[in-house]
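Visitor: Take a look at the following structure, please.
The values are calculated or read from the model by the stated rules, or taken from the named source; none is laboratory data. Since we're looking at a predicted model, the values are computed, not measured. Glycine gets a Cβ as well: all are built from the backbone with ideal geometry, and neighbour counts include every protein chain shown.
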Amino acid sequence: MPIGPFARLRPGTKLGSEVHIGNFVETKKAVVGDGTKANHLTYLGDCEIGPDTNVGAGTITCNYDGFKKSMTRIGARVQIGSDTQLVAPVSVGDDAYVGAGTTVTKDVPPGGLAVSRVPMRVVEGWTARKRKKEGA
């Protein structure tokens, strides 16, 4: 069970066999299933994660709303993309995918795909206009 440098396993964390917790991963009251990986830059608090799931870099379980802590439940064989926020209470079903950069605010059914992205747009000439306006 590899545990990376600067990982922090806080009270209530339970790790299954062959779990990989990488660099700068923090867990708190996290139950992590066998073979699951959270490789780096991730916060997993108040959550249950099934076996053989991959948690992408920069993922956060948003477990506190200012008044109470809530649970996030992630199933087996789930793929969580990088820079994802899971706003508890929320569940992600077995075999589901969550696209990179997604904010999960509703349950994701088993085998489903969750994506929340605003289409990118490019504003050409923005820097020149900004500099002219600011007098730089």
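Visitor: Among the residues of the range 66-112, which ones are within 17 Å of G45 (Cα to Cα), not in a loop (DSSP other than H, G, I, E, B) and not polar (S, T, N, Q)?
Guide: Once the filter is applied, which keeps residues that are within 17 Å of G45 (Cα to Cα), not in a loop (DSSP other than H, G, I, E, B) and not polar (S, T, N, Q), the range 66-112 yields K69, R73, I74, I80, L86, V87, V90, V92, V104.
Visitor: Residues of the range 81-136 being acidic (D, E) and modelled with pLDDT of 95 or more, which ones?
Guide: Listed by number, the residues that qualify are D83, D94, D95, D107, E124.
Visitor: Determine the pairs where a residue that is under 17 Å from G12 (Cα atoms), located within the range 22-37, has a partner that is aromatic (F, W, Y) and part of a strand (DSSP E or B) with Cβ atoms under 6 Å apart, the partner being 6 or more residues away or on another chain.
Guide: E26/Y43
Visitor: I've got another one for you. Does the range 52-65 hold any residues that are under 16 Å from V19 (Cβ atoms), assigned to a loop (DSSP other than H, G, I, E, B) and either under 11 Å from the mean Cα position of the chain (by Cα) or among the aliphatic types (A, V, I, L, M) (or both), and which are they?
Guide: G56, T59, listed by residue number.
Visitor: Moving on. Could you please tell me which pairs satisfy a Cβ distance under 9 Å, a separation of 6+ or placement on different chains, a first residue in the range 40-67 that is free of Cβ contacts under 8 Å to residues at least 24 places away in the same chain and on the phi > 0 side of the Ramachandran plot, and a second residue that is surrounded by 18 or more Cβ atoms within 10 Å (Cβ to Cβ) and not in a loop (DSSP other than H, G, I, E, B)?
Guide: Matching pairs, first to second residue: L41/G22; L41/V25.
Visitor: From V78, V32, which residue is under 24 Å from G112 (Cβ atoms) and touching a Ser or Thr at 6+ places or on another chain (Cβ under 7 Å)? Working first, answer last.
Guide: Working: V32 fails: touching a Ser or Thr at 6+ places or on another chain (Cβ under 7 Å).
Testing whether each residue is under 24 Å from G112 (Cβ atoms) and touching a Ser or Thr at 6+ places or on another chain (Cβ under 7 Å) leaves just V78.
Conditions tested, residue by residue: (1) among the polar types (S, T, N, Q); (2) surrounded by 19 or more Cβ atoms within 10 Å (Cβ to Cβ).
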{"site": "G50", "(1), (2)": "no, yes"}
{"site": "V78", "(1), (2)": "no, yes"}
{"site": "V90", "(1), (2)": "no, yes"}
{"site": "T103", "(1), (2)": "yes, no"}
{"site": "K133", "(1), (2)": "no, no"}
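Visitor: Okay, next question. If a residue must be touching a Pro at 6+ places or on another chain (Cβ under 7 Å) and either under 15 Å from T102 (Cα atoms) or among the hydrophobic types (A, V, I, L, M, F, W, C) (or both), how many such residues does the range 73-87 contain?
Guide: 1
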